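Beneath this line is the structure, given in structure tokens, with notes to follow.
Just so it is clear, none of the values below were taken in a lab; they were calculated from the coordinates. Keep in mind that what you see is a predicted model, and the values were worked out from it rather than measured. Cβ: placed from backbone, ideal geometry, glycine included. Neighbour counts: every protein chain shown.
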Amino acid sequence: MTDTLSSRSTPLGRRARVSLSHGSPAMLALVALVVIFTLAVVNQPAILSVNGLTLMLMSAVPLVFATQAQMLIMSIGDIDLGVGNLVGLVTAIAATVLTSSPLVGVLMLVGIVFAYALTGFLIQKRGVPSIIVTLGLSFVWFGIGLQLMPTPGGQTPEWLTAIGRWRPDWFPAPLVYVAIACAVGWYIARYSRFGARMRALGSSPDTLKKLGWSLTSTRVATYTLASLLIIISGLLLASQTRSGDINSAGSYTLMTIAAVILGGGTFAGGRALPLGASLGAVTLGLITVLLSVINLPSSIQSAAQGAIVLAVLAGRVITERFTRS
């Protein structure tokens, strides 16, 4: 009987450790979020109100959608280094062409989707590293944005401005947007059959190919869906600022990568955790708010933000090593 129990408990123990190792990174992001939020509330109790929470979380909303896009790209083993400049380009389109010539603006956004689909196709067919292609595209996005809007300004359409102004009195509006981003990411990456194909492309492309699925169509579809989420991120950012600026999301590229890793993702691909990615994005967004609340000099805020991010990511490494032991 002892042997029987031992033979049964060993697989169970392994499954428990695997489950913990997969869940702990997202849990770590949640713990970091709670700690940062608590510190902010202690220093500024007025945050504990609908208006306070709205102001605190609103800036993280576009970052959450951009992070979901980066999560999709990273789940297939790629990295998108053009996220920040593309979000900035979308804000420039929204504040110029989308206002003066809506049809042309929509066509430009559709062109972005087509460009991303073509990017996925070239990466798969030609074997060009995604880092190289997306880095080159980031300069393209930046150049187009400068041509459209050399200096920040412009005016977003009324319907887009209305989205940014939507702030119910009974509930923080940012939580609604974050929930929508999580739901969309979860449906694509975890619920749909395509999500399984996407993760398989990142972890075991040979197996995916043996099952009869096209690696090219899977990568193209992933890049297409990611571009749609990036466009939504740019439109939401423009709705908040009511203007356009190609430099408005310059930090998003590295922040989205850090948020995905913080939320449980990997550079190797094969893993997509929408909730963890969203928690990571909100956590990174709140770090900036916390540093402002405690009146930290702006000259050292970037260094402090980087130190906090490194500390949290180090905590993830330690946690994963513990769960694997």
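Eigenvalues of the alpha-carbon gyration tensor of the range 114-232, scaled by 5 and square-rooted, set the equivalent ellipsoid semi-axes at 32, 24, 9 angstrom, largest first. Under a 5 Å amide H cut-off, with hydrogens placed 1.01 Å from N, residue 270 pairs with 76, 77, 202, 203 among residues at least 5 apart or on other chains. In the chain, taking the dipole from charged Cβ atoms about the Cα centre, the farthest positive-side position among 148, 234, 280 is held by 280. When a/c is below 1.5 the answer is rounded, else prolate if a/b is larger than b/c, else oblate, so apply that to the chain with a ≥ b ≥ c taken from the square roots of the Cα gyration tensor eigenvalues. The shape class here is oblate. Each residue of the range 35-47 was assigned a 3J(HN,Hα) from its phi angle through the Karplus curve 6.51 cos²θ - 1.76 cosθ + 1.60 (θ = phi - 60°); the sequence is 5, 5, 5, 4, 4, 5, 5, 4, 7, 9, x, 5, 4 Hz, with glycine and proline shown as x. What FRET efficiency comes out for the pair residue 211/residue 42, r = Cβ-Cβ distance, R0 = 51 Å, nearest 0.05? Efficiency, rounded to the nearest 0.05: 0.45. Between the amide H of residue 265 and any residue lying 5 or more places away or on another chain, no distance stays under 5 Å, with hydrogens modeled in the peptide plane.
PRE reach from residue 139 (point 7 Å along Cα→Cβ): which of the range 67-99 fall under 18 Å by backbone N? The answer is 80-86, 89.
With a/c under 1.5 counting as rounded, go ahead and sort the range 23-167 into rounded, prolate or oblate using the C-alpha gyration tensor (a ≥ b ≥ c being the square roots of the eigenvalues; past the cut-off, prolate if a/b is larger than b/c, else oblate).
On the way: a/c = 2.64, a/b = 1.26, b/c = 2.10.
Judged from the Cα gyration tensor, the range 23-167 comes out oblate (a/c at least 1.5, b/c at or above a/b).
Computed from phi, the 3J(HN,Hα) profile of the range 60-69 under the Karplus parametrisation 6.51, -1.76, 1.60 (θ = phi - 60°) reads 7, 4, x, 5, 5, 5, 5, 5, 4, 5 Hz, with x in place of Gly and Pro.
For the pair residue 179 and residue 254, the difference between a 0.36 nm per residue extended length and the Cα-Cα distance amounts to 24.7 nm.
Rounded to the nearest 20, the size of the Cβ-charge dipole of the chain about its Cα centre is 1100 debye, with Lys and Arg at +1 and Asp and Glu at -1.
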